Amino acid sequence: MKKTIVMAALGLAASAASSFGQGSVLFSSYVSNNSAGTYTYLFNTTTQIPAGFHADLYDAAGNVSDPVNNANQQSVTAAPAGLTDLGIVGVNYALTASGGIFFDDPSPVTTASAAAGITFEVVAFNGSTYANSTIRGRSGSFFMTGLNASPAPLNALGDNGTGFPAFYVAPVPEPTTLALAGLGGLASLVALRRKQA
């Protein structure tokens, strides 16, 4: 009997310890950055993406660097590196009363251990997943601290830390297009060398 009670108490303590380190965040671009909001644009424009695109969230414990070069289509459409896909489904971009197009999940998202802060990365895409989409993009990593666990007052993305940046979506370059671009560059170099010789 005593052994059963001790084992139950240890199980509860382990459960409490593992949930103690977790945090929660509001998965919303509408109320992000202390309610300033975060926009997502079509590549190389100031045009917001259309309603119907999907959003997903990646996270990692601690400060993880996964930058994006918003002027480079391959960087914009690359897969996030060093973070875990939280597998959020059914969160879509939609037109808001303010006239902007944002995503706004009504349910808080439970994150990885929040003790050392959390790195997040948001992705937007037009297919059923980020990997199989023809148009997609990522925010690059941003770091947050001081995340509370639900049901305490929750932070939105970018409230504490480096901020949730505006980002772009772009058509995913086909491998053949990239190969042809490389061959074209090589042919140009060969022609230039012949001219100089």
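The values are calculated or read from the model by the stated rules, or taken from the named source; none is laboratory data. Worth saying up front: this structure is predicted, and the values here are computed from it rather than measured. Counting neighbours? That spans all protein chains shown, and the Cβs are built from the backbone with ideal geometry, glycine included.
Got at least one residue in the range 24-41 being surrounded by fewer than 18 Cβ atoms within 10 Å (Cβ to Cβ) and without any contact (Cβ under 8 Å) to a residue 12 or more places away in the chain? Checked the range 24-41: at least one residue is surrounded by fewer than 18 Cβ atoms within 10 Å (Cβ to Cβ) and without any contact (Cβ under 8 Å) to a residue 12 or more places away in the chain. Which residue is surrounded by the fewest Cβ atoms within 10 Å (Cβ to Cβ), if the candidates are limited to the range 46-71 and must be out of contact with any strand residue (DSSP E or B) (no Cβ under 8 Å at 6 or more places or on another chain) and without any contact (Cβ under 8 Å) to a residue 40 or more places away in the chain? Across the range 46-71, the extreme among qualifying residues is 46. For residue 82, are the conditions met, namely being modelled with pLDDT under 95, farther than 21 Å from residue 171 by Cβ and surrounded by 12 or more Cβ atoms within 10 Å (Cβ to Cβ)? Taking the combined requirement at face value, the residue does not satisfy it.
The requirement of being assigned to a loop (DSSP other than H, G, I, E, B) and polar (S, T, N, Q) is satisfied by residue 65. I need the full set of residues from the range 52-79 which are farther than 17 Å from residue 170 by Cβ and among the polar types (S, T, N, Q), in order please. Matches in the range 52-79: 63, 65. You will find that of 111, 77, 96, 40, the residue that is of a type in the set (Val, Ile, Thr) and farther than 20 Å from residue 158 by Cβ is 77 and no other.
Evaluation of residue 101 against the conditions (1) at pLDDT 95 or above; (2) within 15 Å of the chain's Cα centre (by Cα); (3) not aromatic (Phe, Trp, Tyr) shows that the sole unmet condition is (2). Quick one: which residue in 112, 94 is of a type outside the set (Asp, Glu), surrounded by 18 or more Cβ atoms within 10 Å (Cβ to Cβ) and part of a strand (DSSP E or B)? Residue meeting the stated conditions: 112.
On the stretch given as the range 46-62, residues that are at pLDDT below 95 and part of a loop (DSSP other than H, G, I, E, B) total 1.
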